[in-house]
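Visitor: This is the structure I want to talk about, given as structure tokens.
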Amino acid sequence: MSELVSTRIRTTAGKLGLPHLAEALNQYARRADEAKMGYLDFLDLVLSEELAVRDDRRFRQGLRLSKLPHHKTLEDYDFSFQPDLDPRKVKDLATLSFVEAKANTALLGPPGVGKTHIAVALALAVAACRAGYSIYFTSLDDMVRNLTAAEAAGRLTSKLGTYLRPSVLVVDEVGYQPLERTQANLVFQVISKRYEKGSIILTSNKTFSEWGQAFGDEVLATAILDRLLHHCDVISINGPSYRLKNRLAAIERDTQVA
């Protein structure tokens, strides 16, 4: 391939928004020569590689925008520490099926049992499918705080879009702090507008019967649960705390050393 042709291809690739092709042109040409590829095989190679690079770029950008607190996977979760939790039920959710159905997942249990870990892992599994689904992570307190500030500034409709646009919205720590009725109404707006339009994965240390107290209004809590649970898998984790286990192990080691 002449230098003139190489330069022209790189320039054209740049204009077409194919930067990887411009960078890897010589590598592609070498592979084609070594494999004695035909024209169509070479074109298939270039397009496949460019698509893979573009998908990876989209995936990484999506992770940056998702606000996930970490990137732990289900493989990192110690199911043996929670023997009452069926790994198959959790892993069955790590597919696109619940997202395609615009269904929800609720992870309930006391602090420290790994609810957030599983919620993030499920969101990552969806993103890793590279099917163009977007994810966004927020604690309930942060969401309420942002929506309250937006409402006061007259930007509520715009801010609601942050929580309505993603294919999967992960809402962490529902019920950790009690809400006032006006705050609960903002949560209702998000749940109501996402109903059968987008999936929600939430974690909570409260049973559903306690949500009336957590949301400061039994009627609003019932309305939220009605929409949330209509299409929802509920996973209860009632085992011991991972954080407490690790802390006790550290104390025991320190005691033995002393």
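Visitor: Looking at 64, 60, 145 in this structure, which one is farther than 26 Å from residue 231 by Cβ, at pLDDT 90 or above and open to solvent by 30 Å² or more (accessible area, probe 1.4 Å)?
Guide: Going through 64, 60, 145 in turn, just one is farther than 26 Å from residue 231 by Cβ, at pLDDT 90 or above and open to solvent by 30 Å² or more (accessible area, probe 1.4 Å): 145.
Visitor: Right, another one. Of everything in the range 185-207, what is open to solvent by less than 50 Å² (accessible area, probe 1.4 Å) and of a type in the set (Phe, Trp, Tyr)? Give them in sequence order.
Guide: If the condition is that a residue be open to solvent by less than 50 Å² (accessible area, probe 1.4 Å) and of a type in the set (Phe, Trp, Tyr), then 188 is the only one that fits.
Visitor: Here is a follow-up. Does any residue of the range 77-86 turn out to be assigned to a loop (DSSP other than H, G, I, E, B) and free of Cβ contacts under 8 Å to residues at least 60 places away in the same chain?
Guide: Checked against the condition, which is being assigned to a loop (DSSP other than H, G, I, E, B) and free of Cβ contacts under 8 Å to residues at least 60 places away in the same chain, the range 77-86 yields at least one hit.
Visitor: Moving on to the next point. Which residue, of 51, 47, 107, 93, is of a type outside the set (Ser, Thr, Tyr), at pLDDT below 95 and open to solvent by less than 30 Å² (accessible area, probe 1.4 Å)?
Guide: 93
Visitor: OK, next. Would you pick out the residues in the range 30-75 that are more than 26 Å from residue 139 (Cα to Cα), in a loop (DSSP other than H, G, I, E, B) and not small (Gly, Ala, Ser)?
Guide: Residues satisfying the conditions are 36, 37.
Visitor: Here's a follow-up. Tally the residues that are touching a strand residue (DSSP E or B) at 6+ places or on another chain (Cβ under 8 Å) and closer than 28 Å to residue 134 by Cα, restricting the search to the range 212-243.
Guide: Residues flagged as touching a strand residue (DSSP E or B) at 6+ places or on another chain (Cβ under 8 Å) and closer than 28 Å to residue 134 by Cα within the range 212-243 amount to 9.
Visitor: Within the range 217-239, which residues are free of Cβ contacts under 8 Å to residues at least 40 places away in the same chain and not acidic (Asp, Glu)?
Guide: Across the range 217-239, the qualifying residues are 219, 220, 221, 222, 223, 225, 227, 230.
Visitor: Continuing with this model, one more query. Could you count how many residues in the range 148-179 are surrounded by 15 or more Cβ atoms within 10 Å (Cβ to Cβ), at pLDDT 95 or above, small (Gly, Ala, Ser) and on the phi > 0 side of the Ramachandran plot?
Guide: 0
Visitor: Taking the criterion of being within 15 Å of residue 199 (Cβ to Cβ), in contact with a helix residue (DSSP H, G or I) (Cβ under 6 Å, 6 or more places away or on another chain) and aromatic (Phe, Trp, Tyr), would at least one residue in the range 93-100 satisfy it?
Guide: Checking the range 93-100: not a single residue is within 15 Å of residue 199 (Cβ to Cβ), in contact with a helix residue (DSSP H, G or I) (Cβ under 6 Å, 6 or more places away or on another chain) and aromatic (Phe, Trp, Tyr).
The values are calculated or read from the model by the stated rules, or taken from the named source; none is laboratory data. Note that this is a predicted model, so its numbers are computed, not measured. Quick reminder, even Gly has a Cβ in these numbers, built from the backbone with ideal geometry, and neighbours come from all protein chains shown. Keep in mind that these areas ignore ligands, DNA and RNA; they rest on the heavy atoms of the full protein, side chains included. Shrake-Rupley method; radii C 1.70, N 1.55, O 1.52, S 1.80 Å.
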